[in-house]
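Take a look at the structure below.
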Amino acid sequence: MKPETRVFDAGTPRLIGQLGSTRRSAPSSPGATRAGLALGSAGSPAARGEPDGGPLLLVTAAIHGNEPAGVHALRRVFARLEELQPVFRGRFVGLIGNLAALVAGQRYEESDMNRLWSKRALAELAAADPALDKAERKQQRELLAAIETELAQARGEVVHFDLHSTSGDSPPFLVQNEDARSWELARELGVPVLRGLLKNLDGTVLDFGAARGFTSIVLEGGQNEAESTIEHHESALWMLLVSTGVVEETPAMELAAHKLRIARSTSGIPAAVEIVLRYAIEPSERFTMLPGFKSFEHVVQGQLLALGGPSGQRPIRSPMSGILIMPRYQGQGHDGFFLARPSPVASVARVA
Ligand SMILES: [Zn+2]
């Protein structure tokens, strides 16, 4: 990828692309339209009950502004769809989450945009005066409006795919609500599922999906700046476009190559692992992860992982043998690292 395409400026639009059938199909040709018809045109919403419904694949990227890989991947996929002109049976929409933070190249401006989606936080947003919005509240209101527009027009299944990346090196992994459809999509993607993370997090975008009754899954594609992270996002997007039925597969999509890329990047990792320990960094602590650790790497009991304490010199050793998850190699956040164990692939109905 050329370096200049990595730059985001104030003119970057929140809508990365929108393609598909939901808004534009003539009643005489239900369900199918050529890709180019809806590109870049918002169009007028079809009235409810028209027979042109299909699945909606709604993708958000850069909910954290320092995670640009998902935006690059979406741009590539939309550009390729324009070239390929496949038949659409549904709708594909790509949105930038925290546009201001993305332009600034930082995780967030004032508050983490992936902690603002609880019912309480959304009620606060609804009650607040939009004229006084700033920072993440402004970003969230704009993003929410775009999402609500799509949800209001959706007739078929809605799948929300939220693209993230991590500060440390990592193979791709998924975080999802514990519902059967999410497990099914995880199996189709062939990406390991990290369980137990949501116990420590309140108000992620996944909560919004669960509350509104649509499938919502997060893909952590790899390290924030790595080219391979863009590729993982890109491959997963192609696989989901086909498996959700949004587009009809064609040989030019090279789906087998995308599946192989994902399979290679996750080789040797269990289909699911569950977090059993979180190292919480104290407010006064100077925490430094030892260099070179990678997510999903096996560590043994007693192994030196980090230095911490008020002095920044206290050795932090692994209290157990297990799988290291998300070692922290950035300044923000209170999670030093997590430890996980292989977990059965479950299909547990989530209680909303
Ligand atoms: Zn993120």
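Quick notes on this structure:
- Given (1) surrounded by fewer than 20 Cβ atoms within 10 Å (Cβ to Cβ); (2) within 16 Å of the ligand (Cβ to nearest atom); (3) free of Cβ contacts under 8 Å to residues at least 40 places away in the same chain, index of the condition GLU136 fails: (1)
- Note on the range 154-190: residues that are within 16 Å of the ligand (Cβ to nearest atom), of a type in the set (A, V, I, L, M) and touching a residue at least 60 places away in the same chain (Cβ under 8 Å) amount to 1.
- Residue check, ARG115 modelled with pLDDT under 95 and either surrounded by fewer than 24 Cβ atoms within 10 Å (Cβ to Cβ) or within 16 Å of the ligand (Cβ to nearest atom) (or both): yes
- Qualifying residue in the range 92-102 (condition: away from the ligand (no atom under 16 Å from the Cβ) and of a type in the set (Phe, Trp, Tyr)): yes
- Applying the criterion of being part of a loop (DSSP other than H, G, I, E, B) and at pLDDT 95 or above to the residues of the range 313-352, the residue that is farthest from SER170 (Cα to Cα) is GLN313.
The values are calculated or read from the model by the stated rules, or taken from the named source; none is laboratory data. Since this is a predicted model, take the numbers as computed values, not measurements. Reconstructed Cβ throughout: ideal geometry from the backbone, glycine too, with neighbour counts over all protein chains shown.
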